[in-house]
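Shown next, in structure tokens, is the structure this report addresses.
The values are calculated or read from the model by the stated rules, or taken from the named source; none is laboratory data. Just so you know, these numbers come straight off a predicted model, no measurement behind them. Don't worry about glycine lacking a Cβ; one is built from the backbone with ideal geometry, like all the others, and counts go over all protein chains shown. Heads up: the accessible areas ignore ligands, DNA and RNA and are worked out on the full protein's heavy atoms, side chains in. Shrake-Rupley method; radii C 1.70, N 1.55, O 1.52, S 1.80 Å.
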Amino acid sequence: MTAPIPRDIPLPLPAPEGLLEILLIAAFLVHILFVHLMIGGSMFSLVCQIRGLKTPDYEKLAYRIMQTVTVNKSLAVVMGVAPLLIINTLYAPQFYASSALIGDMWMAVIPLVTLAFLLAYAHKFWWNHFLNIPELHIGIAALETVLFLVIPLIFMTNVNLMLFPEYWPKVTGFFSAMLLPNVLLRYLHFVSATVLFSSLFFVWWTGRKTFRVEVQFSELRVIDVRRFFYAFAFGATIFQILTGLMVFVSLPAQGMSWGFTALLMLGGLVVLPAIWWMWQNLTRPGHLLDDNFKQILTCFACATIIMGIARHDYRENALADHKAAIAEKTINYQAAVKEAGEQAQLAAIKAKENDVAAPGAAAFNQNCAACHHATLPTVGPALQEIKEAYANNPDGIAAWTKAPGKKRPDSMKMPGFPQLSDDELTAISQYILSH
Amino acid sequence: MDFPIFHIDFIGNRMLIAVDAILHVIINHALAVGALPVIALLELSGIRTKDPRWDRLAYRLLKIIFIITTTVGALTGVGIWFSASLINPAAIGSLIRVFFWGWFVEWIVFVCEVSLIMAYFLSWQSSARSPEAKLKHLRLGIFLAAFSWITMAIIVAILGFMMDPGNWMSERTLISGVLNPMYFPQLAFRTTLAMVMGGMTMICLTYLFTRNDLPFRTTVIRAISSWSGIWMLTLIIASVWYYQVIPQHMLANIPVAVTTQEYVSWNSSLKWLLTVGLSFVGWVLWSSVRHPGQVHGAKYLASVLLLFAMLGQFERVREFIRKPFIIGNYMYANGIRVEDYPLLQRDGILQHATYAGIREVTADNKVAAGREVFEQTCTRCHTVNGINSIRGQLKTMYGDKPWQPEVIAAYIENMHGARYFMPPFPGNKAELDALSVYLASQQKRATAFNGAQTNGIPKPDKISASTVYGTLPNLANPHGEQQ
């Protein structure tokens, strides 16, 4: 299958490519971390609110969780601007193409995120207004969570599509792009990462000294809440590895390489100690949830960075040939542009020489040709008609042109040309009559 | 030419950007740049007078600012990017290459701005615990106001650049783009307008929020009115300055008398609106300083709406005088560089448009080929059936008489001369002919026009999949190795 090869934007990159790539990986990881915390917060708040119907303490917890969402969601958006900017810079031919191919859903991201944010505010800022109508409150929370979950799917579809130019001709609209192999699995992998990172975050967050004071449970114990999150974190880690393997198996061959495979294995290996510690903390008496917490976080942080690098490596592998072909085509195209430009310049010089022979022609073409065609009525009457009306009367043309009247009922009023000199007008008039 | 063409026929591509951008600019000017200093002032008054009502009011106003700017405000900002990169990727892609570091700095400022507004809003209640904490908190507000202004100052450079790249065409550096001749007048105009807008908007909301405490309303409104009144005076000076610099500068660039007239009429509509608007708002502010209790809320509301209209009109004029270019003298609004024209007019645009489905116009494919030409050359500004529709334009020109392809062709060939704001036709004779046949065929029965988001793109052919050009040597691969 062949891929379309467009040309690149013919301006130099604003910085060395390597620097932009490093910035991209770093900025993307920061962005995605806050995205996870935002979506996970919304999910957990919903879950806690539902549990709160039976155990009111969970409702208090749900409220506190929404406070983190308020902050994390804003950071997710601002932190997303930098990777977007860099992707736009580095992958213009691919990224703009895939965006256009799923254009309506891509554009829908903006109203969808806005709506999700507004729902999140309604959910949080009006908390006490909903005390007597919990169904409505939970409904709002559910809608907000669903929106938060849909938006990453659109992003995932786009960044997946941009990797495979040879699929572009097959794609008609968002859904066909979403159903390309691997998108849904990647999405599953993403969602389990959301659960993993947010539940780890909440394990830490509920372990802070001030948490107990902030939340003021009446019966629930903080330790139980923390075990709740910890169990989610553990389960999500296992699920994450499984979905990761499935993504790996389903990845199209375009971007595969030994280096990429090795990076993935390394990333997987790094989390193994974390799994061991977490299992012990959950199951063994005498172990505390906070045991080895820093080490566990370090493992996950390393794995995330490695995965971020691997992800970029795959993209570069997948697009290497396409990028090279684009660069080649761009250079050749510029040469063609230059050649045609020079030809046109020569032709223009020739045309100027002809103008000296017929002085009215240039002025006519510049000022009048737009509206007056030789034989056809366009905006104004055809020259033919003018010639008939003004035969042997060049001064009449000049006078009209200086200050036109209004004659034909179904045409616009001709603008005046007071700026033309009498000589020019005479030349134009003679040109018209002799044409 | 190098990107699949996204097209929304109903509201039109320009309209999509315009709606998003105007909403963003209004929120940014009225609720961020202009309103945040007012909030800090109110907080300061609260600290000075030790009257808790100031503080409560400031917090309520800030809550509204916070909710709107962090949702609709921030997202419409990102939306400008999304829509611009769908609708004119060549232009936004070029701007990014030039202004990358400008935008990068802008992003850092934006991160600071968002962090500050969260810190300022979310720590408001807890800062009440001690006077020192309160002073620290006030400092956050001042920083926030400063950062939101800097965000605007950077963006104005980019906007100014799009109108007139100044020396950039020859120098191609960031600084030469930033220091283009439009920069300072535009910045002064926007800053002062934003301050007045922000003040007026806050007055309106205050009016609403202080229904039950009229003496306090009088005090607050007088304070904000005085602040806005001072900005009003500077706004008048800035408007005059802007008005002096821009038109002469732009007029010098417009060679065609017809367009000059249109331009003058656009500009005089702005002048008219500015004069009426500023007089009215000035009068409201003046009465509001002198008798703050006696000015009815409707007058404040009318002032805010007038200011919004002024800003909207200002943006429209700015957009209009930029045409036919999207980046002055470098790229036309159809996304094609001025430099590309000779090649496209010689070979035909379909030969070079990567994603075109037809390359050659023949006797049988005129309508279909014309549609492709239309897609490549007109759809960035026209729809078939929606806003600024080509059918509507042709109907105005030719009415119900049969539309003749030759007549349409004669017009399009010269359209840049007749209507300077439209770029010259970037194709060859055969394509002009096909386009005119296609347009004439739309008189009776318009075919639906969908973009690549619905139709997808054609299978790559030889032209789309190859990297070489005609008989030219392959410069990228000088040894002639075939790939």
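Worth pointing out:
- Using θ = phi - 60° in the Karplus curve 6.51 cos²θ - 1.76 cosθ + 1.60, the 3J(HN,Hα) couplings for segment A:290-296 round to 7, 4, 6, 4, 5, 5, 4 Hz; x is entered for Gly and Pro.
- In summary, the convex hull built on the alpha carbon positions of segment A:1-128 has an orientation-averaged projected area of 10.8 nm².
- Integer Hz, Karplus 6.51/-1.76/1.60 couplings in order for segment B:369-383, x for Gly and Pro: 5, x, 4, 5, 5, 4, 4, 6, 10, 10, 5, 5, 10, 10, 9
- At R0 = 60 Å, FRET efficiency that the Cβ-Cβ distance of A:K294 and B:S265 yields, to 0.05: 0.30
- Cα-based shape type of segment A:361-433, given that a ≥ b ≥ c are square roots of the gyration tensor eigenvalues and the cut on a/c is 1.5: rounded
- Charges were assigned to the Cβ only: +1 to each Lys and Arg, -1 to each Asp and Glu. The resulting dipole of the protein assembly as shown about its Cα centre is roughly 3120 debye.
- Sparsely packed trypsin sites (Lys or Arg not before Pro) within segment A:220-284, loop by DSSP, other Cβ within 10 Å at most 13: A:R221
- Amide proton proximity set for B:S389, modelled H, under 5 Å, gap of 5+: B:T383
- Seen against the Cα atoms of chain A and their longest principal axis, helix A:422-434 is set at about 80 degrees.
- Once the 1.4 Å probe is applied to the protein heavy atoms, chain B comes out at 41 Å² accessible per residue.
- Inverse of mean 1/r across different Cα pairs in chain B, Kirkwood, Å: 25.1 Å
- Start at zero, step by 20 Å, and the Cα-Cα distances of the protein assembly as shown spread as 12, 39, 34, 13, 2, 0 percent across the bins.
- Counting Cβ atoms of other protein chains within 10 Å of each residue's Cβ and taking the mean over peptide B:407-413 gives 5.
- Loop sites in segment B:342-415: GluC sites (Glu not before Pro), DSSP, at most 14 other Cβ within 10 Å: B:E360
- Here's how it looks for B:C378: its modeled amide H is under 5 Å from none belonging to a residue 5 or more places away or on a different chain.
- Scaled against 2.2 N^0.38 Å for its residue count N, the alpha carbon radius of gyration of segment A:215-255 is 1.97.
- Model label zone, A:K407; criterion: amide N under 20 Å from point 7 Å along Cα-to-beta-carbon; scope segment A:356-385: A:364-365, A:367-385
- Inter-label distance, B:N388 to A:L19: 3.7 nm, where each label sits 7 Å from its Cα along the C-beta direction.
- Percent breakdown of C-alpha pair distances by 10 Å bin, ordered from the shortest bin, for chain A: 4, 16, 20, 15, 11, 9, 8, 8, 5, 2, 0, 0
- Among A:L115, A:I223, A:V35 the positive-end extreme of the charge dipole of chain A (Cβ point charges): A:I223
- Mean projected area (nm²) of the alpha-carbon convex hull when segment B:338-457 is viewed from all directions: 7.4 nm²
- Helical contribution to [θ] at 222 nm, DSSP H n ≥ 4, -39,500 (n - 2.57), averaged over chain A, rounded to 500: -26000 deg cm²/dmol
- Entry note, chain B: the mean residue ellipticity at 222 nm calculated from DSSP H runs of n ≥ 4, each adding -39500 (n - 2.57), is -22500 deg cm²/dmol after division by the residues and rounding to the nearest 500.
- Mean projected area (nm²) of the alpha-carbon convex hull when segment A:284-418 is viewed from all directions: 21.3 nm²
- Phi-derived couplings, Karplus 6.51 cos²θ - 1.76 cosθ + 1.60 at θ = phi - 60°, listed residue by residue for segment B:39-51: 4, 4, 4, 5, 5, 4, 4, x, 5, 5, 7, 6, 9 Hz, with x used for Gly and Pro.
- With a 10 Å cut-off around each Cβ of B:453-465, the average count of Cβ atoms from other chains is 6.
- Dipole axis of segment A:17-335 (+1 Lys, Arg; -1 Asp, Glu on Cβ), positive-most option in A:Y314, A:T172, A:A100: A:Y314
- Buried area at the A:B interface is about 7500 square angstrom, summed over both chains, from accessible surfaces computed with a 1.4 angstrom probe.
- Around the amide H of B:F325, modelled in the peptide plane, lie the amide H atoms of B:A333, all under 5 Å away and 5 or more residues distant in sequence or on another chain.
- Peptide B:78-85 is shielded by partner chain Cβ atoms: per residue, an average of 5 of them sit within 10 Å of its Cβ.
- Exposure of B:D55 as accessible area (Å², to 10), given a probe of 1.4 Å and all protein chains: 40 Å²
- As a fraction of the 1.4 Å probe accessible area of the protein assembly as shown, surface on carbon and sulfur atoms comes out at 66 percent.
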